[in-house]
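Values in this text are rule-based calculations from the coordinates and carry no lab data. In this text, all values refer to a predicted model and were calculated from it rather than measured experimentally. Positions of Cβ are generated from backbone atoms using ideal geometry, with glycine treated the same way; all protein chains shown enter the neighbour counts.
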Amino acid sequence: MYGTVFHMHAKPGQEQAIRQLFEEWDRERAPRVQGFQAGYLFKPDQQRDELIGVAIFRDRESYRKNAADPKQDEWFRRLRALLTDDPVWEDGEVIEAAQRA
């Protein structure tokens, strides 16, 4: 598996709009994005102005294919308009995963 962890700062009053945009992605894009496995959006206890996203794909190729998709770029531009600055991306291979059914 391959994916990214990304740190974002919402513009004041835009957190709910960001959550709705992620829900839209899950509803409309996720079923069509080959290799998408899971996504999470965290609100840290200590950094109240920050949001942390996680996106997991089957492999690096499917991750890169999604990143290069014009529809993903369109969605990202909508997200970026709700942020104070560019997200900080940390891409990498998932080397261990545990999940309880």
Estimated FRET transfer efficiency when R0 is 35 angstrom, pair Ala81-Ala101 (beta carbons, to 0.05) | 0.35
Please give the contour-minus-distance gain from Gln14 to Arg32: 0.36 nm per residue of separation, less the Cα-Cα distance, rounded to one decimal in nm.
-> 3.8 nm
Most exposed to least, judged by fewest other Cβ atoms within 10 Å, Thr4, Thr84 sort to Thr84, Thr4
Work out the charge dipole of the chain with +1 on the Cβ of Lys and Arg and -1 on the Cβ of Asp and Glu about the Cα centre, then indicate which of Phe6, Trp75, Gly53 is farthest towards its positive end.
-> Trp75
With charges set only on the Cβ (+1 for Lys and Arg, -1 for Asp and Glu), what does the dipole of segment 1-82 come to about its Cα centre, in debye to the nearest 20?
-> 180
Length-normalised contact order of the chain in % [C-alpha pairs under 8 Å, at least 6 apart] | 47
Add -39500 (n - 2.57) for each DSSP H run of 4 or more in the chain, then divide by its residues: what number comes out at 222 nm, to the nearest 500 deg cm²/dmol?
-> -8500 deg cm²/dmol
Cross-link partners among aspartates and glutamates for Lys11, C-alpha distance below 17 Å, same-chain residues fewer than 8 apart left out?
-> Asp49, Glu50, Asp85, Asp86
Which label marks the calculated value of mean projected area of the Cα convex hull in nm², given the options [x] 7.0; [y] 6.4; [z] 7.8?
-> [x]
